[in-house]
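Here is the structure we will look at, set down as structure tokens.
Read-outs throughout are calculated quantities, based only on the coordinates presented, and are distinct from any laboratory measurement. Owing to the predicted nature of the structure, the values given are computational and were not obtained by experimental measurement. No Cβ is skipped: glycine too gets one built from the backbone with ideal geometry, and neighbour counts run over all protein chains shown.
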Amino acid sequence: MLPGVGVFGTGSTARVLVPLLKAEGFEVHAVWGKSEEEACCLAKELGIPFHTSRSDDVLLHQDVDLVCIYIPPSMTRQIAVKALGIGKNVLCEKAATAVDSFKMVTAARYYPQLLSIMGNTLRFLPAFAAMRQLLVEGYLTGERALRVHGLLRTFVQQNGLIRGIRRVTSDDFCFFQMLMGGTGSRSGGVCCTVTLNFNMPGSFVHEVMVVGSTGRLVARGTELYGQRNGSKSEELLLGDSGWAGPEVKEMPLPHLQGLSSMVKALRQSFQAHEERRSWAQGPVAMAPTFEDGLYVQTVVEAVKRSSCSGEWECVEIMSQEPDPNHNLCEALQRNKN
């Protein structure tokens with residue numbers, strides 16, 4: 001039986017997500033917005049029966065068993081942890097910090113019977129799924145990131161559409177490298193190079209290239225290419241199957257296809273069970289867990305440190321929550337000395 005859904009957020013992702021959920025048979029019972037006006041507007045537009053600006057009204061809604069959280073990262077941890085605590089399945093985007101991510105991981109471990117996954121739609125994009133499978137099968141060598149070296153810049157702080165937000169919270173250019181697997185120059189690990197540029201004119205371009213000691217894999221848009229050492233050209237490993245749904249200007253095609261595939265996987269996960277909160281792990285096995293979210297956030301924060309230090313930074317996953325009074329205790333100790 002498919003669970004009833006409550007959606008947090010009124011942005012472009014929520015506007016695309018709700019029709020996809022309905023197309024797969026889910027009933028969206030409630031929507032939350034940061035203001036009553038925003039929530040009411042989206043509810044009327046998408047035919048959602050209940051709207052509110054109070055988070056508890058959605059979490060405690062008797063018909064809501066799956067909570068989809070697409071709101072600013074600073075609010076994600078609070079709602080995700082509370083939702084798990086009252087027995088709701090959770091699909092959400094990234095938290096603001098590694099500490100917030102760790103708190104979400106702790107909550108998910110307390111309630112392992114509940115669904116708790118990150119809404120990284122590219123995990124479900126066929127090209128990315130195929131790339132992941134090839135890496136597992138040994139197309140390239142290496143494992144998770146051990147060290148990162150990155151650069152963050154804000155080249156355009158303000159224009160006709162941006163009014164100062166980039167001055168304080170958001171960079172528009174990021175370049176970083178991840179050393180994955182072996183730690184030495186001769187160990188044959190994988191090097192992952194990523195460039196995020198929000199100042200490029202023209203259409204959206206999305207490319208992920210993973211280079212190893214035996215070849216490379218490139219996810220370019222919705223297609224996957226590979227080239228082994230000794231080969232003279234790239235090989236198309238997975239072509240674009242096309243998009244049969246309506247065009248959505250607010251979301252690039254790779255993310256749209258990934259979101260659609262994720263919703264289909266959610267339906268398959270829930271529909272085989274009579275209990276609305278029960279789910280099967282198989283269909284959503286490729287979805288990132290909260291542990292994966294913590295890992296990603298740890299890498300992101302290491303990239304930020306590297307941008308400030310200009311050096312390679314180690315990626316060390318948090319194993320326990322930091323003491324919030326640690327800095328205060330250190331200051332008191334220095335004063336005593």
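First select every other residue whose beta carbon is under 13 angstrom from the beta carbon of R77; then total the charges, Lys and Arg +1, Asp and Glu -1. Write out the running numbers ahead of the final one.
Details: positive: K82, K94, K103; negative: E93, D100, E321.
Result for the neighbourhood of R77: 0.
Could I have the simple spin-label model distance between T193 and V99, label points 7 Å from Cα toward Cβ, reported in nm to one decimal?
3.6
Hey, quick one: spin label on H206, modelled 7 Å out along Cα-Cβ, who in the stretch 107-141 has an amide N within reach, i.e. under 18 Å?
118-133
So how far, in whole Å, is the C-alpha centre of the stretch 1-55 from the one of the stretch 65-83?
14
Dividing the convex hull volume of the Cα atoms of the chain by its residue count, what figure in Å³ per residue is obtained? Before the final figure, lay out the partial values.
Working: hull volume 61.3 nm³, N = 337.
In the chain, the Cα hull volume divided by residue count equals 182 Å³.
Taking H as built 1.01 Å from N, whose amide H comes closer than 5 Å to the amide H of G215, not counting residues under 5 places away?
N229
Using a 10 Å cut-off on Cβ atoms, rank the peptides 14-25, 62-73 from the highest mean neighbour count down. Please report the intermediate quantities before stating the final value.
Values: 14-25: 18.5, 62-73: 20.4.
Most protected by this proxy first, the peptides run 62-73, 14-25.
Kindly flag which residue pairs out of K34/K94; K88/K249; K34/K88; K82/K264; K44/K249; K264/K304 have an alpha-carbon separation exceeding 24 Å in this structure. Let's see the in-between values first.
Numbers: K34/K94 18 Å; K88/K249 32 Å; K34/K88 21 Å; K82/K264 26 Å; K44/K249 21 Å; K264/K304 35 Å.
Among K34/K94; K88/K249; K34/K88; K82/K264; K44/K249; K264/K304, the Cα-Cα distance tops 24 Å for K88/K249; K82/K264; K264/K304.
Kindly write out, for the stretch 72-83 in residue order, the coupling ³J(HN,Hα) from the Karplus curve 6.51 cos²θ - 1.76 cosθ + 1.60 (θ = phi - 60°), rounded to whole Hz, with x marking Gly and Pro.
Going residue by residue, I get x, x, 5, 9, 5, 4, 4, 6, 5, 5, 5, 4 Hz, with x marking Gly and Pro.
Per-residue HN-Hα couplings for the stretch 198-209, Karplus 6.51 cos²θ - 1.76 cosθ + 1.60 at θ = phi - 60°, whole Hz, x for Gly and Pro?
Computed from phi, the couplings for the stretch 198-209 are 9, 10, 6, x, x, 6, 5, 10, 10, 9, 10, 10 Hz.
Restricting things to alpha carbons, tell me how big the stretch 181-325 is in terms of Rg and Dmax, in Å.
Expressed in Å, the Cα Rg and Dmax of the stretch 181-325 come to 19.6, 58.
Using +1 on the beta carbon of Lys and Arg, -1 on that of Asp and Glu, and nothing else charged, what's the dipole of the chain about the Cα centre, debye to 20? Numbers along the way, then the final one.
Values: 33 positive and 34 negative charges, 122 e Å.
Dipole about the Cα centre, nearest 20: 580 debye.
Which of the listed residues, A219, C308, L152, is farthest toward the dipole's positive end in the chain, when Lys, Arg count +1 and Asp, Glu count -1 at the beta-carbon?
It is C308, whose Cα lies furthest towards the positive end.
222 nm [θ] for the chain, helices only, -39500 (n - 2.57) per DSSP H run of 4+, per residue, to 500?
On the way: 10 runs with 119 residues, N = 337.
Taking each H run of at least 4 residues, the total per residue is -11000 deg cm²/dmol.
With +1 on the Cβ of every Lys and Arg and -1 on the Cβ of every Asp and Glu, and nothing else charged, how large is the dipole of the stretch 218-275 about its Cα centre, in debye rounded to the nearest 20?
Details: 6 positive and 8 negative charges, 45 e Å.
Roughly 220 debye for the stretch 218-275.
Amide H to amide H, which residues 5 or more places from G4 or on other chains are under 5 Å from it, using H placed in the peptide plane?
The answer is D65, L66.
Under the rule of at least 5 residues apart or a separate chain, name every residue whose amide H is placed under 5 Å from the amide H of L238.
L224
Near M200, within a Cβ-to-Cβ distance under 13 Å, what is the net charge of the other residues, with Lys and Arg +1 and Asp and Glu -1?
Working: positive: none; negative: D172, E207.
Every neighbour counted, the sum reads -2.
For a quick check, take a GNM of the chain with Cα springs below 10 Å and name the residue from G85, G258, G230 with the largest mean-square fluctuation.
G230
Going by average Cβ density within 10 Å per residue, which order do the peptides 123-134, 93-104, 281-292 take, highest to lowest? Write out the running numbers ahead of the final one.
Details: 123-134: 19.8, 93-104: 21.2, 281-292: 16.3.
Result, highest mean Cβ count within 10 Å first: 93-104, 123-134, 281-292.
Rounded, prolate or oblate: which fits the stretch 252-320, taking a ≥ b ≥ c as square roots of the Cα gyration tensor eigenvalues, rounded meaning a/c under 1.5, else prolate when a/b beats b/c? Intermediate values should be presented prior to the final figure.
Details: a/c = 4.97, a/b = 2.08, b/c = 2.39.
Here the stretch 252-320 falls in the oblate category.
Express in nm, to one decimal, how much length is gained between E36 and R144 on full extension, taking 0.36 nm for each residue of separation and deducting their alpha carbon distance.
Numbers: separation 108, 0.36 × 108 = 38.88 nm, distance 4.34 nm.
Length gained, E36 through R144: 34.5 nm.
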